[in-house]
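Enquirer: Could you have a look at this structure, given as structure tokens, before my questions?
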Amino acid sequence: MSDVTETSDNTVAASNTSATDKPPVLEVVDLKKHFPVKKGIFQTTVGQVFAVDGVSFTINEGETLGLVGESGCGKSTVGRALMRLIEPTSGTIKLDGRDVTNLSKRELRPFRREMQIIFQDPFSSLDPRMTAGKIVGEPLSVHGIGDSRDERREMVAELFERVGLRKGQMDNFPHQFSGGQRQRIGIARALALNPKLIVGDEPVSALDVSIQAQVINLLLDLQAERQLSYLFISHNLAVVEHISHKIAVMYLGRIVEYASKEAIFRSPKHPYTKALLSAVPVPDPTLKRDKLVLQGDVPSPVNPPKGCHFHTRCPFAEDICRKDSPPLREITPGQLAACHFAEA
Ligand code: SF4
């Protein structure tokens, strides 16, 4: 597991070694993504959207980090910036200890094999004109893996069976599959290049609860088999609970709490985490949790509130919260929170 230390701003700085002294599979340091706001016929820049504003974390081999927050908090932007689907404004992204932040598209190509993404809506992310077999096999052709079409087809058939589909379904089109099956196609495609890390951007949010559990169990089995690492992005803490080793809670572009899953669920320190947890059913009746209901929506990231970004919705806000931004600091060993009043 990775270790974390506090920094002067709202980032989680992670030590870059695991117990085995291997570098983390993914190390992100002070990642920022700001989008310019343009107006008028001359498209003059009149402001910035601080979508991701200094986010740091590590993910070790075989580990899952759950990245959680409401819609608009910047979590999907983190996933897309990591994959370089959008260019980060600043920060560092290291894959297996190698800095890939500023590589050109061409230089990035070999690294793309190691990091794959699964999207929320399997239907819109799969080309409706391609058969499922072609969709899963496309990355193999693009990267020149397999000596012949037959060999690639055999590899695709194995992937189909591994994710719980039948090889007889390879010639079907996406619309002939259920939502859960389509997400299995997305997973098979992500697995085709034998990646080290998979970013799941709300990968089960569009599925029925019973199907969600099946897909999460599949991801857990694959992780155990292949020592895969996951960044699992979700708006729902109940969903990440089953798959995560650690959890980072994001609010308005920043991480406000970062800890092991157990610490987050047993003893959350940040009021925002407590509010998110209030919406999660408690299976153990002896476990008492403070109820904290969130009022209103996430404020606009164009003009985030001064001081603590959360003060406009926080029932515990005091004067200092409106003036000073609380640093992310260690409250108990390994548990960090960005709140002036968080205590052990
Ligand atoms: Fe609430 Fe203040 Fe803590 Fe922010 S710093 S979470 S406003 S108590």
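The values are calculated or read from the model by the stated rules, or taken from the named source; none is laboratory data. Note that the structure is a prediction, hence the values are computed from the model and not measured. Don't worry about glycine lacking a Cβ; one is built from the backbone with ideal geometry, like all the others, and counts go over all protein chains shown. Ligands, DNA and RNA are excluded from the accessible area calculation, which covers all protein heavy atoms including side chains. Shrake-Rupley method; radii C 1.70, N 1.55, O 1.52, S 1.80 Å.
Enquirer: Find all pairs meeting these conditions: Cβ atoms under 8 angstrom apart; at least six residues apart or on different chains; first residue within segment 308-322 and within 15 Å of GLU257 (Cβ to Cβ) and among the charged types (D, E, K, R); second residue part of a loop (DSSP other than H, G, I, E, B) and within 8 Å of the ligand (Cβ to nearest atom).
Expert: Once the first residue is within 15 Å of GLU257 (Cβ to Cβ) and among the charged types (D, E, K, R) and sits in segment 308-322, no partner that is part of a loop (DSSP other than H, G, I, E, B) and within 8 Å of the ligand (Cβ to nearest atom) comes close enough.
Enquirer: When segment 73-112 is examined, which residues are found to be small (Gly, Ala, Ser), surrounded by 18 or more Cβ atoms within 10 Å (Cβ to Cβ) and within 20 Å of VAL302 (Cβ to Cβ)?
Expert: Within segment 73-112, GLY74, SER76, ALA81 meet the criteria.
Enquirer: If you don't mind, there's one more thing I want to ask. Out of the helices (runs of 4 or more DSSP H) lying entirely within segment 125-220, which hold 3 or more residues that are touching a helix residue (DSSP H, G or I) at 6+ places or on another chain (Cβ under 7 Å), of a type in the set (Gly, Ala, Ser) and closer than 28 Å to LEU26 by Cβ? Outline the logic, then answer.
Expert: Values: elements: 132-142, 149-162, 179-191.
Qualifying helices (runs of 4 or more DSSP H): 179-191.
Listed here are the residues, each with its yes/no results for (1) near the ligand (Cβ under 10 Å from one of its atoms); (2) of a type in the set (S, T, N, Q).
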{"position": "ILE243", "(1), (2)": "no, no"}
{"position": "GLY253", "(1), (2)": "no, no"}
{"position": "HIS309", "(1), (2)": "yes, no"}
{"position": "SER325", "(1), (2)": "yes, yes"}
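Enquirer: Tell me, please, whether a residue that is closer than 30 Å to ILE118 by Cα, hydrophobic (A, V, I, L, M, F, W, C), within 12 Å of the ligand (Cβ to nearest atom) and at pLDDT 90 or above can be found in segment 260-274. Working first, answer last.
Expert: Looking only at segment 260-274, we keep the residues that are closer than 30 Å to ILE118 by Cα, and these are 260-266, 268, 270, 272-274.
With the extra rule that they be hydrophobic (A, V, I, L, M, F, W, C), the set shrinks to 263-265.
Restricting the remaining residues to those that are within 12 Å of the ligand (Cβ to nearest atom) gives none.
No: zero hits.
Enquirer: Given the criteria within 23 Å of the chain's Cα centre (by Cα) and closer than 15 Å to LYS274 by Cβ, does GLN335 qualify?
Expert: Against the criterion (within 23 Å of the chain's Cα centre (by Cα) and closer than 15 Å to LYS274 by Cβ), GLN335 qualifies.
Enquirer: Among the residues in segment 68-86, are any in contact with a Lys or Arg (Cβ under 6 Å, 6 or more places away or on another chain) and β-branched (Val, Ile, Thr)?
Expert: Looking through segment 68-86, at least one residue is in contact with a Lys or Arg (Cβ under 6 Å, 6 or more places away or on another chain) and β-branched (Val, Ile, Thr).
Enquirer: Right, here's the next one. Of (1) within 26 Å of the chain's Cα centre (by Cα); (2) within 11 Å of the ligand (Cβ to nearest atom), ARG329 satisfies all except one. Which?
Expert: It is condition (2) that ARG329 fails.
Enquirer: Related question: Consider segment 335-344. How many of its residues are modelled with pLDDT of 95 or more and part of a loop (DSSP other than H, G, I, E, B)?
Expert: So the count comes out to 5.
Enquirer: Then there is this: Those residues that are acidic (Asp, Glu) and open to solvent by 50 Å² or more (accessible area, probe 1.4 Å), I need them from segment 252-311; list them, please.
Expert: Once the filter is applied, which keeps residues that are acidic (Asp, Glu) and open to solvent by 50 Å² or more (accessible area, probe 1.4 Å), segment 252-311 yields GLU262, ASP284, ASP290, ASP297.
Enquirer: Also, I was wondering about something else. Under 6 Å between Cβ atoms, at least 6 apart or on separate chains: pull out the pairs that start in segment 199-214 with a residue that is hydrophobic (A, V, I, L, M, F, W, C) and end on any residue that is open to solvent by 50 Å² or more (accessible area, probe 1.4 Å).
Expert: ALA206/GLN120; ALA206/ASP121
Enquirer: Here's a follow-up. In segment 121-141, what count of residues is obtained for those that are without any contact (Cβ under 8 Å) to a residue 40 or more places away in the chain and under 22 Å from GLU161 (Cβ atoms)?
Expert: 3
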